[in-house]
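**Q** Here it is, the structure in full.
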């Protein structure tokens with residue numbers, strides 16, 4: 001009798017422990033979905049015009065969206081590099097895109113430094129121009145890179161929307177030329193900059209993690225994503241219609257939002273291409289590159305990939321009604 005009670009008690013605790021582990025695993029797996037609930041229905045701040053011309057929507061050719069968190073020092077350098085290229089007499093990328101104004105949208109993601117003021121000072125120092133428009137979006141607090149890019153994309157009025165990191169790690173001119181040389185007129189697209197060509201210069205661990213990530217990405221998103229080697233490069237050119245369809249639906253608010261962007265593009269049958277862009281390490285990076293942190297980041301990326309697919313397939317997340325009409 002005592003043996004039976006002991007056996008029953010042991011089974012009870014075993015089942016209870018397994019239940020707790022299962023519950024913990026599910027909570028970890030769907031954690032991005034819990035966080036995303038906070039962002040749904042949030043009223044996005046309006047873009048404030050701080051300089052340049054107030055172009056009509058149909059006049060804007062290229063919108064440049066720059067998410068910035070505590071980038072007071074690096075942002076002006078990146079802006080000057082891009083401005084110098086776009087105003088040069090010979091600008092192959094703009095010739096490829098067409099004629100029209102350039103719209104600059106800096107999204108200050110709740111910075112604790114003077115990022116927004118640095119952008120205003122930069123604009124004040126520029127001479128008036130009929131084809132440049134400068135806008136600033138200030139988020140009430142640090143909402144995440146995904147939220148910042150989403151705010152900028154939905155405020156953009158250009159025919160083409162370029163999302164670029166504020167650190168200037170991607171050489172602006174050559175990078176933009178790389179993404180525009182295969183431009184497809186009249187088609188919706190997402191052109192992604194890639195740093196995959198630099199893998200041989202990185203450690204064995206980073207190369208291994210990159211290979212594993214590609215395999216998992218193909219398994220999660222399907223064959224349409226098998227040619228993608230770098231989802232996280234902060235340099236992407238998106239056609240306006242595709243940007244509106246994708247970012248109206250976007251749920252992930254933090255740095256892994258690129259995974260959902262790719263998932264939505266594939267699901268909505270938007271053309272996705274990856275192009276090599278010149279990229280270099282920039283002093284002041286916020287990414288911890290220790291082995292332990294890289295392992296945690298890789299695990300988090302895997303979790304986010306699975307979560308995104310499950311949330312859409314199980315109906316936890318839904319597509320925007322306007323997005324569905326375009327399918």
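The values are calculated or read from the model by the stated rules, or taken from the named source; none is laboratory data. The model shown is predicted, which means the values in this text are computed figures rather than measured ones. Using ideal geometry, Cβ is built from the backbone for each residue, glycine included, and neighbour counts are taken over all protein chains shown.
**Q** Which of the residues that make up region 303-321 are surrounded by 15 or more Cβ atoms within 10 Å (Cβ to Cβ) and either closer than 18 Å to residue 213 by Cα or out of contact with any helix residue (DSSP H, G or I) (no Cβ under 7 Å at 6 or more places or on another chain) (or both)?
**A** Passing the criteria: 303, 304, 305, 306, 307, 308, 309, 310, 312.
**Q** Please indicate, with yes or no, whether at least one residue in region 245-252 is surrounded by 22 or more Cβ atoms within 10 Å (Cβ to Cβ), within 22 Å of residue 298 (Cβ to Cβ) and modelled with pLDDT of 90 or more.
**A** The answer is yes; a qualifying residue exists.
**Q** Then there is this: Only residues that are over 28 Å from the mean Cα position of the chain (by Cα) and under 22 Å from residue 46 (Cβ atoms): list them for region 122-138, please. Quick ask: steps written out before the conclusion?
**A** Restricting attention to region 122-138, the residues satisfying the condition of being over 28 Å from the mean Cα position of the chain (by Cα) are 124-130.
Residue satisfying the conditions is 124 alone.
**Q** Would you say residue 100 is modelled with pLDDT under 95, in contact with a strand residue (DSSP E or B) (Cβ under 6 Å, 6 or more places away or on another chain) and closer than 27 Å to residue 59 by Cα?
**A** Numbers: modelled with pLDDT under 95: yes; in contact with a strand residue (DSSP E or B) (Cβ under 6 Å, 6 or more places away or on another chain): yes; closer than 27 Å to residue 59 by Cα: yes.
The answer is yes for residue 100.
**Q** Which number in (1) buried (at least 18 other Cβ atoms within 10 Å of the Cβ); (2) in contact with a strand residue (DSSP E or B) (Cβ under 9 Å, 6 or more places away or on another chain); (3) over 13 Å from residue 132 (Cα atoms) marks the one condition that residue 51 misses?
**A** (3)
**Q** How many residues does region 291-301 hold that are touching a residue at least 60 places away in the same chain (Cβ under 8 Å) and crowded, with 16+ Cβ neighbours inside 10 Å?
**A** Of the residues in that region, 3 qualify.
**Q** Being touching a strand residue (DSSP E or B) at 6+ places or on another chain (Cβ under 8 Å) and closer than 29 Å to residue 146 by Cβ is the filter here; which residues of region 111-136 pass it?
**A** 111, 115, 116, 119, 120, 123, 132, 133, 134, 135, 136, listed by residue number.
**Q** Give me the residue from region 198-231 that is in contact with a strand residue (DSSP E or B) (Cβ under 8 Å, 6 or more places away or on another chain) and either surrounded by fewer than 17 Cβ atoms within 10 Å (Cβ to Cβ) or farther than 24 Å from residue 169 by Cα (or both) and, out of that set, modelled with the highest pLDDT.
**A** 227
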